[in-house]
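Peer 1: Take a look at the following structure, please.
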Amino acid sequence: MTLLNFTLAQIEAFACVCESGTLTQAARKLKKDRTTISELVDYLELDLGYPLFDRSTRPLTLTDAGQLLYRQARLFLHEAQAFAQIARQIPQQMSAHITLCYDPFTPRDFLFRLTRLLQSQQIQLELIMCERGQAEQWLAEGIVDIGMFQAMNRSINDSLRWRVTGSISLAVYAGEGFFPAMPVSILQLASSTQLIPFQAMPAWLAQRLQIADRTIRVTEIAMLEKMLGAGDGWAFLPIHFQAENWLGVERIETELGDSGLSHPMVTLSKPGQIAQPLLSQLMDAMQEAWGD
């Protein structure tokens, strides 16, 4: 079976002549020469092997075969228009991808603002919450592009670089009535069970956040909320969690006051990576989102 090859221009010219009635009007509508329209239709008829128009009439009238083919031509042109519309939208739909990993203390409102801001710049941000040790491995292996974690107050290693993005404030939270009176002393905190929202808390973080000898790891925020409300212990949490609004939970006044409870957040990346245009754009967006 021999395949017939037709161009979009041939089918468009044929349909336009059908609708206009003359080669001249079709040429004017398609902004082409009359000779060009005539040749397109002639070659289409030549390839088909049968006439599409009765040229003895003015305006031109379709043959029976032409009438059948016109309906198919119009359907084909509708599909072509749909294809063109989709094709024009492809560049807008194609966006750059950045994968950011973050720790449980990263403000979620900040992450949400960041995703919205990057979407307006045609950048899709993928978010993965994980422990810092896992993030450093993924960054080194190129699995993720950038990380956001609490500062370690020390250099990382030769394979990663860090930059301060902002800071978060921490406070003590516990179930209502968990501590009989306030302010609560360090001794009372140390002698009570502390809930730790980390799977594995490294030594540098434990020195700042772990006060009690008895600890329970609770890495899911929803479970942490329930356990605090049930009086299973107390926890150091970022104030942006607004845990005082959790059912049965209150913010605890301690002898520590607010001193030392603010901690910087840093972005981690491979050396030279921030200089790349896409990640440099991300860093600018992060500063803007954090400022908001």
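Peer 1: Return the sequence-ordered ³J(HN,Hα) values of the range 41-46 in whole Hz as given by the Karplus equation 6.51 cos²θ - 1.76 cosθ + 1.60 applied to θ = phi - 60°, using x for Gly and Pro.
Peer 2: Whole-Hz 3J(HN,Hα) from phi for the range 41-46: 5, 4, 5, 5, 5, 5.
Peer 1: Right, here's the next one. Pull out the extension gain between K29 and I186, defined as 0.36 nm times the separation in residues minus the alpha carbon to alpha carbon distance; nm, one decimal.
Peer 2: Net length gain for the segment: 48.0 nm.
Peer 1: Hey, another quick one. With θ taken as phi - 60° and the coefficients 6.51, -1.76 and 1.60, list the Karplus ³J(HN,Hα) couplings across the range 245-257 in order, rounded to whole Hz; mark glycine and proline as x.
Peer 2: Each residue's phi maps through the Karplus curve to give 8, 6, 4, x, 10, 9, 7, 9, 7, 10, 5, 5, x Hz.
Peer 1: Please list, by residue number, every one of the GluC sites (Glu not before Pro) in the range 197-249 that is coil in DSSP and has at most 13 other beta-carbon atoms within 10 Å. Don't skip to the answer; put the middle values down first.
Peer 2: On the way: sites: E220, E225, E244; in loops: E220.
Sites meeting the loop and neighbour criteria: E220.
Peer 1: On a 0 to 90° scale, report how tilted helix 8-20 is relative to the longest principal axis of the chain, with both axes built from alpha carbons and the result rounded to the nearest 10.
Peer 2: With both axes taken from Cα atoms, the answer is about 60 degrees.
Peer 1: Among DSSP bridges having both ends in the chain, what percentage is antiparallel? Round to the nearest 5.
Peer 2: Details: 24 of 39 bridges.
Bridges in the chain that DSSP calls antiparallel: roughly 60 percent.
Peer 1: Here's a follow-up. If you line up the long axis of helix 108-119 against the longest principal axis of the chain, both from Cα atoms, how many degrees apart are they, to the nearest 10?
Peer 2: The two axes meet at around 20 degrees.
Peer 1: A further question follows. Once every DSSP H run of n ≥ 4 in the chain is given -39500 (n - 2.57) and the sum is divided by its residues, what mean residue ellipticity at 222 nm do you get, rounded to the nearest 500 deg cm²/dmol?
Peer 2: Details: 10 runs with 124 residues, N = 292.
Value at 222 nm, helices only: -13500 deg cm²/dmol.
Peer 1: When the Kirkwood hydrodynamic radius is evaluated over all pairs of different C-alpha atoms of the chain, what value in angstrom, to one decimal, is obtained? Don't skip to the end; give the middle numbers.
Peer 2: Details: mean 1/r = 0.0403 Å⁻¹.
Taking every pair of different Cα atoms in the chain, averaging 1/r and inverting gives 24.8 Å.
Peer 1: If each residue of separation counts as 0.36 nm, what is the full-extension length gain between Q122 and F83 once their alpha-carbon separation is subtracted?
Peer 2: Working: separation 39, 0.36 × 39 = 14.04 nm, distance 2.23 nm.
11.8 nm is the gain from fully extending Q122 to F83.
Peer 1: Could you compute the net charge surrounding A135? Neighbours are other residues with a C-beta less than 14 Å from the C-beta of A135; K and R count +1, D and E count -1. List each step's numbers first, then the result.
Peer 2: On the way: positive: R132, R161, K270; negative: D103, E126, E131, E136, E141, D145.
It works out to a net charge of -3.
Peer 1: Can you figure out the FRET efficiency of Q281 with S167, using R₀ = 35 Å and their beta-carbon distance, to the nearest 0.05?
Peer 2: Step by step, r from the Cβ atoms, then E = 0.90.
Peer 1: Assign unit charges at the C-beta atoms only (+1 for Lys and Arg, -1 for Asp and Glu), then state the dipole size of the chain relative to its Cα centre in Debye, rounded to the nearest 20.
Peer 2: Numbers: 23 positive and 31 negative charges, 165 e Å.
Once rounded to the nearest 20, the dipole reads 800 debye.
Peer 1: Below 8 Å, C-alpha to C-alpha, sequence gap of six or more: please give me the relative contact order for the range 169-219 in percent.
Peer 2: Values: 42 pairs, mean separation 20.6, N = 51.
Relative contact order, the range 169-219: 40 percent.
Peer 1: Which percent of Cα pairs goes in each bin when the distances of the range 190-246 are cut into 10 angstrom slices starting at zero?
Peer 2: Calculated P(r), rounded to whole percents: 23, 58, 19, 0.
Peer 1: How much accessible area per residue does the chain have, in Å², with a 1.4 Å probe? All intermediate terms of the calculation are to be shown ahead of the outcome.
Peer 2: Values: 16260 Å² over 292 residues.
It amounts to 56 Å² per residue over the chain.
Peer 1: Next question. Below 8 Å between Cα atoms, with a sequence gap of 6+, how large is the relative contact order for the range 30-155 in percent?
Peer 2: Working: 102 pairs, mean separation 25.9, N = 126.
Dividing the mean separation by the residue count of the range 30-155 yields 21 percent.
Peer 1: Further, regarding this structure: Take the alpha-carbon centre of the range 33-51, take the same for the range 224-262, and report the distance between them in whole Å.
Peer 2: Between the Cα centres of the range 33-51 and the range 224-262 lies a distance of 81 Å.
Peer 1: Would you mind checking which residues have amide H under 5 Å from T61's amide H? H placed 1.01 Å from N; only 5 or more apart, or other chain.
Peer 2: Under 5 Å from the amide H of T61: D54.
Peer 1: Given a 1.4 angstrom probe, I'd like the percentage of the accessible area of the chain that is carbon and sulfur, rounded to a whole number. Let's see the in-between values first.
Peer 2: Details: 8430 of 16260 Å².
Carbon with sulfur: 52 percent of the solvent-accessible area.
The values are calculated or read from the model by the stated rules, or taken from the named source; none is laboratory data. Keep in mind that what you see is a predicted model, and the values were worked out from it rather than measured. Neighbour counts run over all protein chains shown; Cβ positions are idealised from the backbone, glycine included. Calculation scope for accessible area: heavy atoms of the full protein, side chains included, ligands and nucleic acids excluded. Shrake-Rupley method; radii C 1.70, N 1.55, O 1.52, S 1.80 Å.
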